Amino acid sequence: MIYSIIRFPGSNCDWDMYYVLRDVMNVEPQFVDYREKSLPQDTVAVLIPGGFSYGDYLRSGAIARFSPIMDTVKKFAYAGNPVIGICNGFQILTEAGLLPGALRSNDSLNFICKPQKLVVENNQTIFTKRFDLKQTVMFPIAHGEGNYYCDSATLQNLKDHHQIVLRYQNNPNGSTDDIAGIINQKGNVLGMMPHPERASEAVLGGEDGKMLFQSLIESMTQNV
């Protein structure tokens, strides 16, 4: 089983993701270049890491969505397979139409990089089943455009279908309804601004993020 990590020009959290999957979670990650038009044959999940794809020109994720690999990622997601977008990955998923809403500049107009307390709002997903409902966890954030926005109708739809997965305990960027992470209605595409891969070892200050990867890997193993 291969966990495919998509790399764009400007990705900078790709190795963080690779290391956590290989050395902490003991599964097989593989990098996939943005110019590819297919995924490795045994891919069970796709992960889109953080960074500044294409330098964040136009707006974050706006150019990356047109990369050749994204047509394949969309087909993979539409088939019901797991896709996770973290930080810039979340921005790319919204630009690609795989998740609703958009990511705007932080209210402060400053880049924010610090640990952040989050509340688990949905633990009935393949990505969060290891967490307790309403559990408080700590993940770091590192973004300048992490302000999640959606209109009132979309927000109500997210609530009605239990698609809000993570909320900020103390909203750092102005996100609508304190949203830090959402999932699609099928429950197989997760987007989040905080970085679980940077909170998966005690030596880095905490292991709360490890539970997200454990949840996913257990779900994939059970489906084999």
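Here, each number is a calculation from the coordinates, and none is a lab measurement. Being a predicted model, the structure only gives us computed values, none of them experimental. Reconstructed Cβ throughout: ideal geometry from the backbone, glycine too, with neighbour counts over all protein chains shown.
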Inset, instruction - Quote the FRET efficiency, to the nearest 0.05, computed for Tyr149 versus Val203 with a Förster distance R0 of 45 Å and r equal to the Cβ-Cβ distance. - result: 0.80
Inset, instruction - Evaluate the distance, in nm, between pseudo-label points positioned 7 Å from the Cα of Lys117 and of Glu28 along their respective Cα→Cβ axes. - result: 4.2
Inset, instruction - Assign unit charges at the C-beta atoms only (+1 for Lys and Arg, -1 for Asp and Glu), then state the dipole size of region 25-83 relative to its Cα centre in Debye, rounded to the nearest 20. - result: 280
Inset, instruction - Run through the DSSP bridge list for the chain and note the antiparallel percent, rounded to the nearest 5. - result: 55
Legend entry - Mean projected area (nm²) of the alpha-carbon convex hull when region 154-194 is viewed from all directions: 2.8
Legend entry - Proportion of all alpha-carbon pairs of region 145-224 beyond 20 Å (%): 42
Legend entry - Label point at Glu36 placed 7 Å out along Cα→Cβ; residues across region 59-86 whose backbone nitrogen lies under 16 Å: 67-77, 82-84
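Looking at region 1-89 from every direction and averaging, what is the projected area of its Cα convex hull in nm²?
For region 1-89, averaging the hull's shadow over all directions gives 5.1 nm².
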Inset, instruction - Against the globular-protein guess of 2.2 N^0.38 Å, express the Cα radius of gyration of region 61-117 as a ratio, rounded to two decimals. - result: 1.29
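So what's the net charge close to Ile6: Lys and Arg +1, Asp and Glu -1, counting the other residues with Cβ under 10 Å from its Cβ?
Net local charge, Ile6 excluded: -2.
Check each of the trypsin sites (Lys or Arg not before Pro) in region 13-80 and keep only those in coil by DSSP with at most 13 other C-beta atoms within 10 angstrom; list them in order.
Those that pass, being in a loop and sparsely packed, are Arg35, Lys37.
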Inset, instruction - Just need the Rg to Rh number for the chain, please, alpha carbons only, Kirkwood Rh. - result: 0.92
